[in-house]
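Input: a single structure, listed below in structure tokens.
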Amino acid sequence: MGEGVAVIPTSHELIRNRDSHYPFRFDSYFYYLSAFKEPESVLFVVAGANPKTILFCRDKDMEREIWDGFRYGPTAAVTEFGIDEAYSIQQLDEMAPKLLANQSKLFYNLGADAAWDGRVTAWMNALRSQARTGLSAPDAVVDVRKHLDEMRLHKSQYEIDTMRQSANIAAAAHQRAMQFTKPGMMEYQVEAEFLHEFYRSGAQAPAYTSIVAGGANACTLHYNANNAKLNHGDLLLIDAGCELDGYASDITRTFPVSGQFSAAQKDLYELVLASQAAAISKVSPMNHWNAPHEAALDVLIRGFIDFGLCKGSAEEVLETGSYRQFYMHRTGHWLGLDVHDAGEYKDKLGSWKMLAPGMTLTVEPGCYVRPADNVPEHFWNIGIRIEDDVVVTEGGCEVMTHAAPKTVAEIEDLMRHD
């Protein structure tokens with residue numbers, strides 16, 4: 001920052017209906033800097049000659065705590081979270097202009113929240129109105145994400161350890177689902193097994209709305225109705241992960257409802273698995289962000305040609321983009337406090353960002369075959385995605401979700417119900 005003040009508020013509480021709220025989830029930037037989980041909070045980070053952190057939070061209130069639960073209050077926030085100073089959130093509008101006065105820069109996430117934009121603007125205008133007293137508002141507003149996104153892209157050992165735990169819980173949930181699933185069940189019954197495993201293992205929530213997609217539903221990338229019957233002979237695609245202490249896991253596995261792949265299902269499944277292996281082999285500090293996608297795409301395209309899904313040479317299929325009928329998304333995304341985590345994919349010159357130790361990402365190629373005149377009928381309604389969470393290491397990468405079975409033999413062995 002050099003000089004200036006950063007203002008990072010947490011999320012608002014949201015009403016679900018009448019007197020019922022949605023479960024509160026803190027803002028990821030705010031939590032990254034403070035580890036403070038309570039609503040109605042904002043963090044000021046003062047840079048320059050006298051750097052310090054200042055937290056505004058809810059007061060201790062025994063009457064409210066009887067109804068809503070424990071609050072730290074400003075005094076405990078200082079001792080428990082390493083904050084330099086803490087004050088009541090009721091003092092925010094009085095103190096904020098003083099903290100911003102005569103600072104050269106304001107670091108703030110402008111445009112993310114209209115209510116906060118209005119509040120910060122009011123502080124700035126209050127300072128401008130006092131120009132004759134020698135007070136001035138910051139000359140420049142800098143997007144605070146410029147620095148925080150790059151910081152969040154490189155995980156600390158603590159963050160990686162937490163993500164490993166999240167990955168282990170999610171992997172166990174996928175194993176549980178494979179062992180539980182039988183023809184005739186409903187998708188939501190399988191989803192319930194995930195939620196049970198998440199919560200009993202200490203995760204605070206699903207990291208996102210789970211996708212439990214049987215048969216043709218697996219060809220809808222963001223399907224989440226999860227209310228269809230699972231039929232013998234269908235594949236079941238499950239994209240589900242949990243959140244542990246703020247950090248997400250994100251796993252997709254695809255397996256046969258009956259416990260055994262058909263020949264056509266096995267052919268496409270092993271193609272996707274091979275493409276994922278090729279992609280994972282490219283996750284290393286020697287490669288840029290797009291190298292895993294390029295490797296996966298090369299394997300998929302050649303397989304699509306071999307199976308009669310695409311026509312022409314590999315170069316022609318890549319150039320025309322005809323493969324997108326069956327593979328229309330990219331092969332991964334950053335992972336961390338958010339499922340699609342903070343961080344740029346290209347540098348300012350437009351080049352793909354080089355991978356570096358401590359970066360965490362998903363690797364998730366897929367294949368989705370909807371009925372069409374140009375598609376062999378035995379492939380119709382087959383949707384497959386295989387997704388793992390990986391962390392870049394000095395010598396390559398570590399697959400944090402390795403405990404979730406994904407080879408044909410592993411899956412069929414686990415699903416034997418005899």
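The values are calculated or read from the model by the stated rules, or taken from the named source; none is laboratory data. Treat the numbers as computed from the prediction; the structure is a model and nothing was measured. Every residue, glycine among them, receives a Cβ derived from its backbone with ideal geometry; neighbour counts consider all protein chains shown. Ligands, DNA and RNA are stripped out before the accessible areas are found, and what is left, the full protein with its side chains, is counted by its heavy atoms. Shrake-Rupley method; radii C 1.70, N 1.55, O 1.52, S 1.80 Å.
Restricting to the range 379-392, name every residue that is in contact with a Ser or Thr (Cβ under 8 Å, 6 or more places away or on another chain) and not basic (Lys, Arg).
Taking the range 379-392 and keeping what is in contact with a Ser or Thr (Cβ under 8 Å, 6 or more places away or on another chain), we get 383-392.
Result: Gly383, Ile384, Ile386, Glu387, Asp388, Asp389, Val390, Val391, Val392.
Going by the conditions given, is Ala205 surrounded by fewer than 21 Cβ atoms within 10 Å (Cβ to Cβ), in contact with a Pro (Cβ under 9 Å, 6 or more places away or on another chain), within 16 Å of Arg385 (Cβ to Cβ) and modelled with pLDDT of 95 or more?
Details: surrounded by fewer than 21 Cβ atoms within 10 Å (Cβ to Cβ): yes; in contact with a Pro (Cβ under 9 Å, 6 or more places away or on another chain): yes; within 16 Å of Arg385 (Cβ to Cβ): no; modelled with pLDDT of 95 or more: yes.
Considered against the rule, which asks whether it is surrounded by fewer than 21 Cβ atoms within 10 Å (Cβ to Cβ), in contact with a Pro (Cβ under 9 Å, 6 or more places away or on another chain), within 16 Å of Arg385 (Cβ to Cβ) and modelled with pLDDT of 95 or more, Ala205 comes out as no.
Kindly evaluate Gly214 against the criterion of being surrounded by fewer than 21 Cβ atoms within 10 Å (Cβ to Cβ) and touching a helix residue (DSSP H, G or I) at 6+ places or on another chain (Cβ under 7 Å). Full working, then the answer.
Numbers: surrounded by fewer than 21 Cβ atoms within 10 Å (Cβ to Cβ): no; touching a helix residue (DSSP H, G or I) at 6+ places or on another chain (Cβ under 7 Å): yes.
Here the answer is no, as Gly214 does not meet what is asked.
With the condition kept exactly as written, say whether any residue in the range 147-164 is out of contact with any helix residue (DSSP H, G or I) (no Cβ under 9 Å at 6 or more places or on another chain), under 27 Å from Ile384 (Cα atoms) and either free of Cβ contacts under 8 Å to residues at least 24 places away in the same chain or surrounded by 15 or more Cβ atoms within 10 Å (Cβ to Cβ) (or both).
Checked the range 147-164: at least one residue is out of contact with any helix residue (DSSP H, G or I) (no Cβ under 9 Å at 6 or more places or on another chain), under 27 Å from Ile384 (Cα atoms) and either free of Cβ contacts under 8 Å to residues at least 24 places away in the same chain or surrounded by 15 or more Cβ atoms within 10 Å (Cβ to Cβ) (or both).
Would it be correct to say that Gly303 is among the small types (Gly, Ala, Ser), open to solvent by less than 60 Å² (accessible area, probe 1.4 Å) and either touching a Lys or Arg at 6+ places or on another chain (Cβ under 6 Å) or not in a helix (DSSP H, G or I) (or both)? Give the derivation first.
Values: among the small types (Gly, Ala, Ser): yes; open to solvent by less than 60 Å² (accessible area, probe 1.4 Å): yes; either touching a Lys or Arg at 6+ places or on another chain (Cβ under 6 Å) or not in a helix (DSSP H, G or I) (or both): no.
It is false that Gly303 is among the small types (Gly, Ala, Ser), open to solvent by less than 60 Å² (accessible area, probe 1.4 Å) and either touching a Lys or Arg at 6+ places or on another chain (Cβ under 6 Å) or not in a helix (DSSP H, G or I) (or both).
Looking only at residues that are touching a His at 6+ places or on another chain (Cβ under 7 Å), open to solvent by less than 20 Å² (accessible area, probe 1.4 Å) and part of a strand (DSSP E or B) in the range 341-365, which one is farthest from Tyr269 (Cα to Cα)?
Looking at the filtered set, the residue picked out is Leu361.
Answer with yes or no whether Asp149 is out of contact with any Asp or Glu (no Cβ under 7 Å at 6 or more places or on another chain) and either charged (D, E, K, R) or under 18 Å from Gly4 (Cβ atoms) (or both). If you could, list the steps in order and put the result at the bottom.
On the way: out of contact with any Asp or Glu (no Cβ under 7 Å at 6 or more places or on another chain): no; either charged (D, E, K, R) or under 18 Å from Gly4 (Cβ atoms) (or both): yes.
In short, no.
Being closer than 18 Å to Lys155 by Cβ and touching a residue at least 60 places away in the same chain (Cβ under 8 Å): is that true of Gly332 here? Before the answer, list the steps.
On the way: closer than 18 Å to Lys155 by Cβ: yes; touching a residue at least 60 places away in the same chain (Cβ under 8 Å): no.
In short, no.
Here are some conditions: (1) outside any helix (DSSP H, G or I); (2) in contact (Cβ under 8 Å) with a residue 60 or more places away in the chain. His378 meets all but one. Which one does it not meet?
(1)
Could you look through the range 65-102, keep only residues that are touching a Lys or Arg at 6+ places or on another chain (Cβ under 7 Å) and of a type in the set (D, E, K, R), and pick out the one that is nearest to Glu40 (Cα to Cα)? Break it down into steps so the answer makes sense when it comes.
The first filter runs over the range 65-102 and keeps only residues touching a Lys or Arg at 6+ places or on another chain (Cβ under 7 Å), leaving 65, 71, 73, 84-85, 89.
So of that shortlist, the ones also of a type in the set (D, E, K, R) come out as 65, 71, 84-85.
Values: Glu65: 15, Arg71: 11, Asp84: 19, Glu85: 16 Å.
Top of the filtered list is Arg71.
Give me a count of the residues in the range 368-403 that are of a type in the set (Phe, Trp, Tyr), open to solvent by less than 50 Å² (accessible area, probe 1.4 Å) and farther than 28 Å from Trp289 by Cβ.
Step one: of the range 368-403, the residues of a type in the set (Phe, Trp, Tyr) are 368, 379-380.
Then keep just the ones that are open to solvent by less than 50 Å² (accessible area, probe 1.4 Å); that gives 368, 379.
Among the residues that remain, those that are also farther than 28 Å from Trp289 by Cβ are: 379.
Total satisfying the criteria: 1.
Only one of Leu268, Leu309, Leu273, Leu337 is surrounded by 21 or more Cβ atoms within 10 Å (Cβ to Cβ) and in a helix (DSSP H, G or I); which? Reasoning before the result, please.
Values: Leu309 fails: in a helix (DSSP H, G or I); Leu273 fails: surrounded by 21 or more Cβ atoms within 10 Å (Cβ to Cβ); Leu337 fails: in a helix (DSSP H, G or I).
Answer to the check: Leu268.
Please go through (1) farther than 25 Å from Val399 by Cβ; (2) open to solvent by 50 Å² or more (accessible area, probe 1.4 Å); (3) out of contact with any Leu (no Cβ under 9 Å at 6 or more places or on another chain) for Leu318 and return the number of the only condition it doesn't satisfy.
Single failed check for Leu318: (3).
Run Lys348 past the list (1) of a type in the set (D, E, K, R); (2) more than 14 Å from Arg152 (Cα to Cα); (3) modelled with pLDDT of 95 or more and report the number of the one that doesn't hold.
That leaves (3) as the condition not met.
Restricting attention to strands (runs of 3 or more DSSP E) lying wholly within the range 1-115, give those where 1 or more residues are free of Cβ contacts under 8 Å to residues at least 12 places away in the same chain and under 24 Å from the mean Cα position of the chain (by Cα).
Values: elements: 4-9, 15-17, 42-47, 52-57, 85-88, 105-108.
In the range 1-115, the matching strands (runs of 3 or more DSSP E) lie at 15-17.
Which of the following residues is in a strand (DSSP E or B), of a type in the set (Ser, Thr, Tyr) and either over 18 Å from the mean Cα position of the chain (by Cα) or under 23 Å from Ala240 (Cα atoms) (or both): Tyr323, Tyr368?
On the way: Tyr323 fails: in a strand (DSSP E or B).
Just a single option satisfies the conditions, and that option is Tyr368.
Is it the case that Val144 is over 30 Å from Thr254 (Cβ atoms), buried (at least 18 other Cβ atoms within 10 Å of the Cβ) and modelled with pLDDT of 95 or more?
Details: over 30 Å from Thr254 (Cβ atoms): yes; buried (at least 18 other Cβ atoms within 10 Å of the Cβ): yes; modelled with pLDDT of 95 or more: yes.
The answer is yes for Val144.
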